Amino acid sequence: MSPPETWGEILRPQALDLALLTAFIAFALVSFFRKSVRLKYAALVAAVVYMGFVKSSLVSISDVFRLTDLSLPPFKYSLTWYAFTGFVVVSTVLWGRLYCGRICAYGALTQLMDAVIPSRLRVEVPRAIERRAAWIKFGLLGGVLAYYLVTHDLAGPVQYAEPFWMFTRFGTTAMWTALAVLLLATVFVRNLYCRFLCPVGAALGIISQLTVFRIKRWSECNTCRICEKTCEWGAIRGPQIVRSECVRCDDCERLYMDQQKCPHWIILRRKGNAFISA
């Protein structure tokens, strides 16, 4: 009878993966807390390269399936998976859909596309349509969950409800054709899949209702519409931030801190000048 494995033997083959994942998550969090545009785009590039093409490790609808029937991988041999999944869940509870806006390789890819595609090509979806279309992903989440509970087929939804397989470069002609159409559509409608079609985004949107550290709102936000017009995710509606749609992209938070643009600071400055004059 062979002696039981030690934790050193278990950790040794997983140590590099755990170290790289920890470094990437730490960098992504630094970029998030610093509210730096440069660091944000550096984190997005790292997400595409490391999480996408190197690791091909994204939260998939298959992970949601595993949680529904508790068919989880063995803990001691899957430490990176548990660390990554745990981070996604905990970060969503703490800050909302941070994973979607900073960690997910596909979401990072479409945000990088958005940064380089000329704005004249963009089609702005009317707000009324955008609000209704945002519910599509929740319908898809319910549909694929129902499909899995009936068939226990992991492959079907992963192939046809998600484009994440693109990073593994394994797909059928039909799948690659559908992906090409989706990416072409994304040229004209920014972040199309993430905003309207992603079942994982829908699942994290449900969890994000528990968000602990929410985006600060000033009293002036009741009437100001600057951030609402700036938000590319349709997550700001008047004074309300729709937590299920917000991916913590930092755009509105940088505006809040801009004392030359945010009415909150402009009004405070005027009040201060009036007080000094009096």
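The values are calculated or read from the model by the stated rules, or taken from the named source; none is laboratory data. This one's a predicted model, so the numbers in the text were calculated from it and none came from an experiment. A quick note on method: Cβ atoms are made from the backbone with ideal geometry, for glycine too, and the neighbour counts reach across all protein chains shown. Only protein heavy atoms, including side chains, enter the accessible area calculation; ligands, DNA and RNA are left aside. Shrake-Rupley method; radii C 1.70, N 1.55, O 1.52, S 1.80 Å.
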Residues that are within 19 Å of Val30 (Cβ to Cβ), outside any helix (DSSP H, G or I) and either among the charged types (D, E, K, R) or open to solvent by 30 Å² or more (accessible area, probe 1.4 Å) (or both), drawn from the range 70-108: Arg97
With the structure loaded, tell me whether Ala185 is in contact with a helix residue (DSSP H, G or I) (Cβ under 8 Å, 6 or more places away or on another chain), of a type in the set (A, V, I, L, M), open to solvent by less than 70 Å² (accessible area, probe 1.4 Å) and within 19 Å of Ser244 (Cα to Cα) or whether it fails that test. no
Return the pair list, or none, for Cβ contacts closer than 6 Å from residues in the range 72-93 that are closer than 24 Å to Arg214 by Cβ to residues that are of a type in the set (Ser, Thr, Tyr), at least 6 apart or on different chains. Val88/Tyr99; Thr92/Ser208
Spot the failing condition for Ile267; the list is (1) assigned to a helix (DSSP H, G or I); (2) without any contact (Cβ under 8 Å) to a residue 60 or more places away in the chain; (3) buried (at least 16 other Cβ atoms within 10 Å of the Cβ), and only one is missed. (3)
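When only residues in the range 53-69 that are part of a helix (DSSP H, G or I) and among the charged types (D, E, K, R) count, which is least open to solvent (accessible area, probe 1.4 Å)? Steps first, answer last, please.
First pass over the range 53-69, keeping only residues part of a helix (DSSP H, G or I): 53-54, 61-69.
Filter once more, keeping what is among the charged types (D, E, K, R): 63, 66, 69.
Values: Asp63: 19, Arg66: 67, Asp69: 60 Å².
The residue in question is Asp63.
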Would you point out which residue out of Thr223, Thr172 is under 21 Å from Arg127 (Cα atoms) and among the hydroxyl-bearing types (Ser, Thr, Tyr)? Thr223
Pairs needed: first member in the range 130-145, β-branched (Val, Ile, Thr); second member anywhere, open to solvent by 20 Å² or more (accessible area, probe 1.4 Å) and at pLDDT below 95; C-beta distance under 6 Å; at least 6 residues apart or different chains. Val144/Ala161
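How many residues, within the range 213-248, are of a type outside the set (Phe, Trp, Tyr) and more than 17 Å from the chain's Cα centre (by Cα)?
Let us first name the residues in the range 213-248 that are of a type outside the set (Phe, Trp, Tyr), namely 214-217, 219-232, 234-248.
From the residues that got through so far, the ones that are more than 17 Å from the chain's Cα centre (by Cα) too are 216-217, 219-230, 237-240.
The qualifying residues number 18.
Taking the condition of being assigned to a helix (DSSP H, G or I) and either basic (Lys, Arg) or closer than 20 Å to Gly52 by Cα (or both), how many residues in the range 31-40 meet it?
Of the range 31-40, the ones assigned to a helix (DSSP H, G or I) are 31-34, 37-40.
Then drop every residue that is not either basic (Lys, Arg) or closer than 20 Å to Gly52 by Cα (or both), which leaves 31-32, 34, 38-40.
So the count comes out to 6.
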Looking only at residues in the range 109-155 that are aromatic (Phe, Trp, Tyr) and open to solvent by less than 50 Å² (accessible area, probe 1.4 Å), which one is modelled with the lowest pLDDT? Tyr148
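Restricting to the range 205-226, name every residue that is part of a helix (DSSP H, G or I), open to solvent by less than 30 Å² (accessible area, probe 1.4 Å) and touching a residue at least 60 places away in the same chain (Cβ under 8 Å).
As a first pass, look at the range 205-226 and keep what is part of a helix (DSSP H, G or I): 205-210, 219-222, 226.
Within this subset, residues satisfying the condition of being open to solvent by less than 30 Å² (accessible area, probe 1.4 Å) are 205, 208, 221.
Selection gives Gly205, Ser208.
The rows are residues; the columns are (1) in contact with a Gly (Cβ under 7 Å, 6 or more places away or on another chain); (2) under 21 Å from Leu179 (Cα atoms).
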residue	(1), (2)
Met113	no, yes
Ile129	no, no
Lys137	yes, yes
Leu149	no, no
Val158	no, yes
Ala161	no, yes
Out of Ala161, Ala202, I need the residue that is of a type in the set (A, V, I, L, M, F, W, C), touching a Phe, Trp or Tyr at 6+ places or on another chain (Cβ under 8 Å) and open to solvent by less than 30 Å² (accessible area, probe 1.4 Å). Which one? Ala202
Anything in the range 184-204 that is outside any loop (DSSP other than H, G, I, E, B), closer than 27 Å to Val116 by Cα and in contact (Cβ under 8 Å) with a residue 24 or more places away in the chain? List them, or say none. Thr186, Val187, Phe188, Leu192, Tyr193, Cys194, Arg195, Phe196, Pro199, Val200, Gly201, Ala202
